[in-house]
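Visitor: Quick one: the structure is below, and I'll ask about it shortly.
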Amino acid sequence: MAEHESSSSTVQTQKRARPQSTWERLLRYTVVRLVTLFITVVIGVYLTILIANMGGYVDEIRRSQIREQIAIRLQNDPAFRALPPEERQKRIDAEVAVEEKRLGLDKPFLVRSFNYLKHALTLDLGRSENMTSDSGSRQVRLILLERLPATLVLFGTSQIVLFALTLYIALYLSRHYGSWLDRLFVALSPLSSAPGWFYGIFLIIVFAAWLKILPFGGMVSVPPPENPIRYALDVAYHMILPMMAMTLSSIFISVYSWRTFFLIFSSEDYVEMAKAKGVHPRAIERRYILRPTLPTIITSFALGVIGVWMGAPIFETIFNWPGLGRVLFQAVQLFDTPVIVGATVIFAYLLALTVFLLDIIYAIVDPRVSVGGGQRA
């Protein structure tokens with residue numbers, strides 16, 4: 001009997017001590033990670049709503065605008081002008097109250113802020129207050145979708161070109177450590193502290209105002225070419241200066257950072273062992289140097305891709321580029337809260353998705369990383 005109880009206790013202990021399978025760990029990690037990222041998105045979007053509304057001050061501006069517009073409209077009505085002053089004031093107040101109720105301004109700001117949050121998280125972006133799309137619509141979704149292609153073309157192309165160029169130069173400098181080109185990039189790395197729009201101003205002055213060989217800004221010429229091939233070439237022609245500005249603001253520090261990582265891993269013992277075995281230098285570079293640095297490279301590229309979706313407000317304004325960044329800049333100037341919140345919530349979702357996918361990609365490209373906190377064989 002004692003032996004049977006001891007055996008049963010041992011079986012129960014083994015069941016309790018059974019390690020979780022890979023799929024169980026992965027499922028638990030996925031759920032916890034998604035919940036954490038969603039809470040982060042909620043907090044970020046709500047803070048954006050508070051800041052965009054200035055704690056409710058923007059709503060006070062809207063109330064003043066509503067009263068002013070109604071008063072101007074009624075002043076053009078002869079019947080209204082014939083009313084006594086008290087009656088005119090009552091009618092203005094009545095129409096203002098109806099308009100405020102229609103817009104939800106009759107509720108406290110705290111209640112409205114949570115309504116804004118619910119609509120934003122469900123991507124019900126609503127209508128803008130002051131801005132319109134090129135087709136004349138006030139739908140925030142259409143305003144953002146119309147400007148998205150221009151931002152993707154400019155920043156997407158720039159990020160791909162910059163990524164490939166940086167990777168090639170960094171690998172070349174790691175193989176030629178101490179050369180004059182290596183010392184040049186190290187010396188020029190502080191130049192990347194200036195933003196792209198800073199270089200854009202100087203490039204416009206030199207190549208557009210002085211040399212007159214490149215356009216000042218815009219996406220296409222006016223009027224735009226009707227032939228699709230000429231249209232694409234014209235867009236590429238207008239992209240030269242913005243891409244040069246973005247490259248100057250990023251390439252030196254990126255090359256310096258990646259080249260440093262490549263040098264660190266090229267001095268590891270297993271690299272020296274591979275060299276002693278006679279492994280081809282290109283194979284050593286690909287297997288033992290490039291692969292361990294992939295998580296850092298992928299992170300840098302992924303965060304750059306996130307910027308592709310949002311553009312850069314000042315940068316696009318300097319080059320008169322009709323993208324999302326310029327729309328956001330205009331929305332801030334016009335206190336257009338729905339457009340600001342709409343752009344921010346899209347960025348928040350994309351950032352959360354990128355962070356989540358990065359964890360999975362890390363586990364694929366780097367054998368030392370285990371999703372869910374377990375040990376790899």
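The values are calculated or read from the model by the stated rules, or taken from the named source; none is laboratory data. Computed from a prediction, not measured in an experiment: that's the story for all the values here. All Cβ positions, even for glycine, are placed from backbone atoms using ideal geometry, and neighbour counts span all protein chains on display.
Visitor: Being among the β-branched types (Val, Ile, Thr) and surrounded by 17 or more Cβ atoms within 10 Å (Cβ to Cβ) is the filter; apply it to the range 169-216 and report the residue that is nearest to Ser267 (Cα to Cα).
Guide: Result: Ile169.
Visitor: Let me ask you something else. I'd like to know if the range 255-265 contains one or more residues that are out of contact with any strand residue (DSSP E or B) (no Cβ under 6 Å at 6 or more places or on another chain), surrounded by 18 or more Cβ atoms within 10 Å (Cβ to Cβ) and among the basic types (Lys, Arg).
Guide: Checking the range 255-265: at least one residue is out of contact with any strand residue (DSSP E or B) (no Cβ under 6 Å at 6 or more places or on another chain), surrounded by 18 or more Cβ atoms within 10 Å (Cβ to Cβ) and among the basic types (Lys, Arg).
Visitor: Of the residues that sit in the range 343-377 and are polar (S, T, N, Q) and modelled with pLDDT under 80, which one is nearest to Leu148 (Cα to Cα)?
Guide: Result: Thr354.
Visitor: While we're looking at this one, here's another question. Give the residue, chosen from Thr296, Thr354, Thr344, that is under 30 Å from Arg33 (Cα atoms), of a type in the set (Ser, Thr, Tyr) and surrounded by fewer than 15 Cβ atoms within 10 Å (Cβ to Cβ).
Guide: Testing whether each residue is under 30 Å from Arg33 (Cα atoms), of a type in the set (Ser, Thr, Tyr) and surrounded by fewer than 15 Cβ atoms within 10 Å (Cβ to Cβ) leaves just Thr296.
Visitor: While we're on this one: For the range 309-329, indicate whether the set of residues that are modelled with pLDDT under 80 and not in a loop (DSSP other than H, G, I, E, B) is non-empty.
Guide: Taking every residue of the range 309-329 in turn, at least one turns out to be modelled with pLDDT under 80 and not in a loop (DSSP other than H, G, I, E, B).
Visitor: Filter the range 172-194 down to the residues that are in contact (Cβ under 8 Å) with a residue 12 or more places away in the chain and not in a helix (DSSP H, G or I), then identify the one that is nearest to His280 (Cα to Cα).
Guide: Tyr177
Visitor: Let me ask you something else. Taking the range 88-117 as the region of interest, how many residues are more than 23 Å from Met54 (Cβ to Cβ) and among the charged types (D, E, K, R)?
Guide: Counting residues in the range 88-117 that are more than 23 Å from Met54 (Cβ to Cβ) and among the charged types (D, E, K, R) gives 5.
Visitor: Go through the range 59-74 and give me each residue that's more than 21 Å from Leu110 (Cβ to Cβ), within 33 Å of the chain's Cα centre (by Cα) and among the aliphatic types (A, V, I, L, M).
Guide: If the condition is that a residue be more than 21 Å from Leu110 (Cβ to Cβ), within 33 Å of the chain's Cα centre (by Cα) and among the aliphatic types (A, V, I, L, M), then no residue fits.
Visitor: Let me ask you something else. Among the listed residues Leu105, Leu110, identify the single one that is assigned to a loop (DSSP other than H, G, I, E, B) and farther than 30 Å from Pro322 by Cβ.
Guide: Answer to the check: Leu105.
Visitor: Would a scan of the range 174-193 turn up a residue that is closer than 30 Å to Gln330 by Cα, under 21 Å from the mean Cα position of the chain (by Cα), assigned by TED's automatic domain parsing to the domain that holds Ile251 and hydrophobic (A, V, I, L, M, F, W, C)?
Guide: Scanning the range 174-193, I find no residue that is closer than 30 Å to Gln330 by Cα, under 21 Å from the mean Cα position of the chain (by Cα), assigned by TED's automatic domain parsing to the domain that holds Ile251 and hydrophobic (A, V, I, L, M, F, W, C), so the answer is no.
Visitor: Right, here's the next one. Is at least one residue of the range 91-99 over 28 Å from Val332 (Cβ atoms), modelled with pLDDT under 85 and touching an Asp or Glu at 6+ places or on another chain (Cβ under 8 Å)?
Guide: no
Visitor: Looking only at residues that are charged (D, E, K, R) and within 18 Å of Gln333 (Cα to Cα) in the range 126-141, which one is surrounded by the fewest Cβ atoms within 10 Å (Cβ to Cβ)?
Guide: Arg127
Visitor: With the requirement that a residue be in a helix (DSSP H, G or I), in contact with a helix residue (DSSP H, G or I) (Cβ under 7 Å, 6 or more places away or on another chain) and polar (S, T, N, Q), what does the range 246-296 give you?
Guide: Thr247, Ser249, Ser250, Ser254, Ser266, Thr296
Visitor: In the range 209-221, is there at least one residue being modelled with pLDDT of 90 or more and not in a loop (DSSP other than H, G, I, E, B)?
Guide: So far as the range 209-221 goes, yes, one or more of its residues are modelled with pLDDT of 90 or more and not in a loop (DSSP other than H, G, I, E, B).
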